[in-house]
Structure formats: C-alpha cells, structure tokens
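Data first, discussion second: the structure below is written as structure tokens.
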Amino acid sequence: MANDPSGDLQLAPLHGDPRSLEEWLTTFHLASVVLDPYTNQSAWILPTARRILHAFSGAAVRVNFIVTCTPDEAREFLGPLADEFLVFCDPDRVAVKQLGLSALPAFVFVRIDGKVAASAEGWDPAAWRAVARQIATVTQWSAPTIPDQGDPTPFSGSAALG
C-alpha cells in the first residue's frame, strides 16, 4: 500500500526544471506509472502503460512516467515515449521511497490534495483496473479496459528499491 508523499518532494522532468509535488498538483492530479528501466518487468508493461496513460490524456490528470534512472537512461529506455509523455527521473528512488512502493512497475494516482487515492504494484490487472476506475471517477472520465488484448499475463514485479 502506497504512502502519501511529502508536498516538498522534488520531481525532475526530462524537459524542464524540478518542482515540488505541491507545485505539480496545483492544477491537476497525477497518474503515474513508476518503472525501473533495469528490469524486464518494467519493459514488459510499456505498451500497456502507454495505452492506459493515453486513455487519460484528456482528463484532468497529468499522466506521466516516473523512471528510476538518469535523464539519458530514461530516454534510452522509453524511446519515443519520452517525448510523448511527461517523464520524471528518480535516479535515487526518492519518490519511490516516499510513495512507499515495494514492487515495480507500479501505477499510482495522487489526488490534487497530495493524497494517494489508489495504487497497484507489479502487473496485477485487477489492481491496475481499480486505480484506473478511481482516476475515472475523480476526473469524470472513462476508464480504459484492463486487461486488454495484448497485455501481458500477471507478474509480481521487481523490488522497488533495486
């Protein structure tokens, strides 16, 4: 179960200057897929994560990836997704620690008030569906189908702290 992070948590985007979580939440909620680019598990979920984040791209939520690496490594791992989505780099796993995650990939919904409203760790389609439904409810949007054709079979993920 994820923890509520500090509003002072600094999130560093690939394009732009770091800002506090509180600043990122000024206008929109955050829907984050948290990945470790050094594991197969995070690579396996990329197409599914892309599909899910695209489904919420018009909703009142900042869809994004949090990647536990440097900007150069994030660009290499994500390829064109690095330009398609907001990407935060977390090489020291500060955000991962503050969120209290134990397995990656993870799907985390942080409301505008800084509270974690829902989270899922590893690839558990039912848990990711619950996060998506929570986002859809709060933003009055349609939730994507999870799982969908082509999604991987469930897996537990890798250790979040490396």
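Every number here is computed from the coordinates shown, using simple stated rules; none is lab data. Given the structure is predicted, the values throughout are model-derived calculations rather than measurements. Glycine gets a Cβ as well: all are built from the backbone with ideal geometry, and neighbour counts include every protein chain shown.
For the reader, a short list of remarks on this structure follows.
- J(HN,Hα) series, region 46-62, from Karplus relation 6.51 cos²θ - 1.76 cosθ + 1.60, nearest Hz, glycine and proline x: 3, x, 5, 4, 4, 4, 5, 5, 4, 4, 9, 5, x, 7, 7, 8, 7
- In the chain, taking the dipole from charged Cβ atoms about the Cα centre, the farthest positive-side position among ALA43, PHE155, LEU78 is held by PHE155.
- Under-5 Å amide H pairs with VAL34, H placed in peptide plane, nonlocal only: ILE66, ALA106, PHE107, VAL108
- Taking the DSSP bridge list for region 1-73 and keeping only pairs wholly inside it, about 20 percent are antiparallel.
- The calculated pair-distance distribution of the chain uses every alpha carbon pair, bins of 10 angstrom beginning at 0, and gives 12, 46, 38, 4 percent.
- The HN-Hα couplings worked out from phi for region 77-92 by the Karplus form 6.51 cos²θ - 1.76 cosθ + 1.60 (θ = phi - 60°) are 5, 7, x, x, 5, 5, 9, 7, 10, 5, 10, 9, 9, 9, x, 9 Hz, whole numbers, x standing for Gly and Pro.
- Per-residue ellipticity at 222 nm computed for the chain from its helices equals -8500 deg cm²/dmol, with DSSP H segments shorter than 4 residues left out and the rest contributing -39,500 (n - 2.57).
- DSSP bridge orientation in region 24-148 - percent antiparallel, rounded to nearest 5: 50 percent
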